[in-house]
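Engineer: Okay, here's the structure, questions in a sec.
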Amino acid sequence: MERLLIVDDEKHTRDGLAQAFEDKFDVFTASSPEEAFRLLDTERFAVVITDLRMGQASGMSVIDKTLQLPNHPICILMTAYGTIEVAVEAMKHGAYDFISKPIQLDQLESMVDRAMIERYHPEKPAVSSDGTSNMLGSSPAFNRLMQQIQLVAPTKTTVLITGETGTGKELVAHQLHQLSVRAAEKFVPIHCAALPVNLLESGLFGYERGAFTGALQRRIGLFETAQNGTLFLDEIGEIDLPTQIKLLRFLETKTIERVGGTQPIHLDVRLVCATNRNLKTEVEQGRFRQDLYYRLNVVEIHVPSLRERREDIIPLVQHYLKVFARENHLKAPVLSPEVAGVLEGYLWPGNVRELRNFAENAVIMHAGNTLGLSDINAKFLAPEVSIGCSQDEASMLRQMLQKTNGNKSEIARLLNIPRRTLYRKLQKYKLL
Ligand SMILES: Nc1ncnc2c1ncn2[C@@H]1O[C@H](COP(=O)(O)OP(=O)(O)OP(=O)(O)O)[C@@H](O)[C@H]1O
Ligand SMILES: [Mg+2]
C-alpha cells in the first residue's frame, strides 16, 4: 500500500482524514512541520496533505521540503479563508492542488484519486533532442534486440516486453512507439503497480459522472488519451482480474466502456506491455487470465540482462560518466583497467539502472580522478555475485540472500528495487 501523510495541528482534522483514507493508503499523521520532516526523512510517501497555518508554523515549509524529495510525493494544501494566494504560489512551485477548509471529504478524495492516476512519473527516458530514444549497445544480444524492435515497431501488433528490472523495458516501449507510424501521436505510459487497484480501472478506462461516490464529473481514461497512439502498460502482471477482463475486451473488440458507462467507445490504440514477472507462472497459478496472456503475448520481446551482454558494460559506463559529468559541470573520472575489469565481471542485478547509479556516484565522488579499486563499492568486489553469465533471477536472489545474511533492506538497496517488489520476488521463488 502506498503511504499518505496528513499534517495538521488539529487532532480532529487529522483523525477524520486518516479515517477517510485508511482503506486506500497506509496513513501517517503529524501535528507539526517538525514531526512531518522526521517522517519525510524516513518514509517514502505517495501523497502529503498539509494544513497551511499551524499555530506559528507554516505548512509551506512542509511543501518546500516535500517538493525537494526525489520523485516527490503529491502535495495537497488545505487552506483557510485568506490563504489562497499562498496556495497558488505553492502550486507554481509544484504542489498538486489545494482545497479550502472546511474540507469536503469526497472532494478531497477525488482530488487524491485524480492525482494518483496522473502521478506516474516515468523515469526520464534517454531521449535525445531529435526525439529518438537513445539506446546504447553493440553486443550481439543487443543487436538482436534492436532488430526485433525494428521488425515489430511498424506493425499494429500488441507487444509484450519481458526482462529483469532495469534492463531498459521502458526504453524499448518508447522505441517501439518512435519507430511506428504513430510516432507523432501520444505515447502514454502507465505504471500498473503504482496505482491502488480500484484506481487502475477508472484510470485506464475513465468513468461517467456518478459511477461511484466521488465521481463528480465524467473523466476520460488513459485509453482515450492514447487514441491513435501507444498505451504502455508497465508491470502488467499487477493488474487485478476485473481490469484484465476489460483489457481482454479491448483487445478483442477494440472498444472500451468507461466505468459506469453503457456506450462502447471505439479506439485505435496500440498496446505495449511490460513485465518482470513470469506471466506464464502467474497464469498457472490462476492470477492472470490465460486468454489475456495469449492476446498480449502475440510478440514477445525479451530484453537481455547486462550479464548477457557484457560487451556493452564499459561503453555504457563511459557514456553515463559523460552524461553525468556534463549535467553536473564536472570532469568525468577515468576508469582504471582494474576497475573496468571488475565492472565487466560484476553481475549487475539492477542492470542498466544500477549502472547509471554507479556512474552518477562516481562522477560526484571522484570527478576528474582515476577510479581505482579502493574507490568503488565493496559489492563490486564480492566474488559470489560476479559469476557465470546466464543465471536466472532466482539463483541471483539466493546468492544475494547468502551474501547479505538475509538482510532484505540491503538486497533491495543493492538491486535498486522497492522492498515490496523484492518481497514479491522472494515469495515467487519461495525464498521467503
Ligand atoms: N541500452 C540502453 N542505453 C542507455 N540507457 C539505457 C539502456 N537501457 C536502459 N537504460 C537506462 O536504464 C534505466 C532503466 O531503464 P528502464 O526504466 O527502461 O528499465 P525497466 O526494464 O523498465 O526496469 P523496471 O522493470 O525496473 O521498470 C533508464 O534510466 C534507462 O534510460
Ligand atoms: Mg520499467
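The values are calculated or read from the model by the stated rules, or taken from the named source; none is laboratory data. Just so it is clear, the structure is predicted and the values come from calculations on it, not from any experiment. No Cβ is skipped: glycine too gets one built from the backbone with ideal geometry, and neighbour counts run over all protein chains shown.
Engineer: Determine if the range 44-51 includes at least one residue that is touching a strand residue (DSSP E or B) at 6+ places or on another chain (Cβ under 9 Å), closer than 23 Å to Met91 by Cβ and of a type in the set (Asp, Glu). Before the answer, list the steps.
Structural biologist: Going through the range 44-51, the residues touching a strand residue (DSSP E or B) at 6+ places or on another chain (Cβ under 9 Å) turn out to be 44-51.
Remaining after also requiring closer than 23 Å to Met91 by Cβ: 44-51.
Add one more test, that the residue is of a type in the set (Asp, Glu), and what stays is 51.
Taking every residue of the range 44-51 in turn, at least one turns out to be touching a strand residue (DSSP E or B) at 6+ places or on another chain (Cβ under 9 Å), closer than 23 Å to Met91 by Cβ and of a type in the set (Asp, Glu).
Engineer: Something else now. Of everything in the range 140-197 that's in contact with a Phe, Trp or Tyr (Cβ under 7 Å, 6 or more places away or on another chain) and among the small types (Gly, Ala, Ser), which residue is farthest from Val47 (Cα to Cα)?
Structural biologist: Ala173
Engineer: A follow-up question, please. Filter the range 252-288 down to residues that are within 24 Å of the chain's Cα centre (by Cα), crowded, with 21+ Cβ neighbours inside 10 Å and either away from ligand 1 (no atom under 16 Å from the Cβ) or of a type in the set (Phe, Trp, Tyr) (or both), then give me how many there are.
Structural biologist: Residues that pass the stated criteria total 4.
Engineer: Would it be correct to say that Gly214 is in contact (Cβ under 8 Å) with a residue 60 or more places away in the chain and under 21 Å from the mean Cα position of the chain (by Cα)?
Structural biologist: Values: in contact (Cβ under 8 Å) with a residue 60 or more places away in the chain: yes; under 21 Å from the mean Cα position of the chain (by Cα): no.
For Gly214, the condition - in contact (Cβ under 8 Å) with a residue 60 or more places away in the chain and under 21 Å from the mean Cα position of the chain (by Cα) - is not met.
Engineer: Which residue, of Phe187, Phe205, Phe250, Phe223, is of a type in the set (Phe, Trp, Tyr), at negative phi and in contact with a His (Cβ under 6 Å, 6 or more places away or on another chain)?
Structural biologist: Only one candidate passes the filter, namely Phe187.
Engineer: Within the range 324-346, identify whether any single residue is modelled with pLDDT under 90, out of contact with any strand residue (DSSP E or B) (no Cβ under 7 Å at 6 or more places or on another chain) and buried (at least 20 other Cβ atoms within 10 Å of the Cβ), and answer yes or no.
Structural biologist: Yes, that holds for at least one residue.
Engineer: Can you pull out the residues in the range 160-176 that are within 9 Å of ligand 2 (Cβ to nearest atom), under 11 Å from Leu306 (Cα atoms) and surrounded by fewer than 24 Cβ atoms within 10 Å (Cβ to Cβ)?
Structural biologist: Across the range 160-176, the qualifying residue is only Thr165.
Engineer: How many of the residues making up the range 184-210 are hydrophobic (A, V, I, L, M, F, W, C), at pLDDT below 85 and part of a loop (DSSP other than H, G, I, E, B)? Don't jump to the end; show me each part of the working.
Structural biologist: So in the range 184-210, the residues hydrophobic (A, V, I, L, M, F, W, C) come out as 184, 187-188, 190, 192-195, 197, 199-200, 204-205.
Filter once more, keeping what is at pLDDT below 85: 193-195, 197, 199.
Those left that are additionally part of a loop (DSSP other than H, G, I, E, B): 195.
So the count comes out to 1.
Engineer: Return the pair list, or none, for Cβ contacts closer than 6 Å from residues in the range 329-354 that are in contact (Cβ under 8 Å) with a residue 24 or more places away in the chain to residues that are acidic (Asp, Glu) and within 16 Å of ligand 2 (Cβ to nearest atom), at least 6 apart or on different chains.
Structural biologist: Trp348/Glu354; Asn351/Glu164
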